[in-house]
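So the structure is just underneath, and the comments pick up after that.
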Amino acid sequence: INPLKVRNKEHTIEKPIKTIYVPNAVVKKAGAKIGNQKECERIISLIEEIANDKTYDGKTIGIIALQNSDVYIKKLIDMTMKSFGEKFIKERKIKIGNTYDFQGDERDVIILGMVISSIDTEGEKYHFQPLTKLEFDRSFNVAASRAKEQMILVHSVTLEELNPNCNR
């Protein structure tokens, strides 16, 4: 997979692929739906960093939840609106959704939120399912190929916590 559509040096962000680990994050379960407050907060602070960095002037931003979680997506939409307002969201063409929402769409910077964590809000081990089916492979390919200049993965699990066959 070649996820980035790098054009030339003067139109490219220096570090095209970045990962940000969010320690001590927990998953909040609401029936079959899950959310991750600390990951959402870290994504909001990341957007703030981007907004204050001249390297990112005029860059468009997309946020993709890698776990199809309406709770997580709605939380990010609400937090983004509250933190930045409609004008900034329109200027940066900020779009928040799942991989299906981004079919045929691109942004200069794509932030991927993994959503899952190994601990739930009760302090118990959260047993997330490995995503091994071909449909998840395609979904992650869509997510990775939406970034024109930079892809940033925000995650609350370590590689060691993932099943080796998981597409995450």
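The values are calculated or read from the model by the stated rules, or taken from the named source; none is laboratory data. Note that the coordinates shown come from a computational prediction; the quantities given were computed from them, not determined experimentally. Cβ placement follows ideal geometry from the backbone for every residue including glycine, while neighbour counts extend to all protein chains displayed. Surface accessibility is based on the protein's heavy atoms, side chains included, excluding ligands, DNA and RNA. Shrake-Rupley method; radii C 1.70, N 1.55, O 1.52, S 1.80 Å.
The amide H of N36, built 1.01 Å from its N in the peptide plane, has K28 as neighbours under 5 Å, considering only residues 5 or more places off or on other chains. For the listed residue pairs K90/K148; K28/K95; K29/K87; K38/K82, the alpha carbons are over 21 angstrom apart in K28/K95; K29/K87.
What does the convex hull of the alpha-carbon atoms of segment 21-94 project to on average, in nm²? Don't skip to the answer; put the middle values down first.
Numbers: hull surface 20.9 nm².
Mean projected area for segment 21-94: 5.2 nm², to one decimal.
For the set K33, K148, K82, K28, the ranking by accessible area, highest first and with no ligand, DNA or RNA atoms included, is K82, K28, K33, K148 under a 1.4 Å probe.
Share of carbon and sulfur in the accessible area of segment 31-117 stands at 49%, probe radius 1.4 Å.
Amide H to amide H distances under 5 Å link I63 with K95, I96, G97, I111, where only residues 5 or more positions off or on other chains count and H is placed in the peptide plane. Summing Lys and Arg as +1 and Asp and Glu as -1 over all other residues whose Cβ lies under 12 Å from the Cβ of L46 gives a net charge of -3. Remark: segment 148-157, residue by residue, has Karplus-estimated 3J(HN,Hα) of 7, 10, 8, 10, 10, 9, 9, 9, 10, 10 Hz, where x stands for each Gly or Pro and the curve is 6.51 cos²θ - 1.76 cosθ + 1.60 at θ = phi - 60°.
Working out 0.36 nm times the residue gap between A51 and D105, then minus their Cα-Cα distance, what length gain in nm do you get to one decimal?
Numbers: separation 54, 0.36 × 54 = 19.44 nm, distance 2.14 nm.
Length gained, A51 through D105: 17.3 nm.
Here the label points at D78 and N141, each 7 Å from Cα along the C-beta direction, are separated by 3.6 nm in the simple model.
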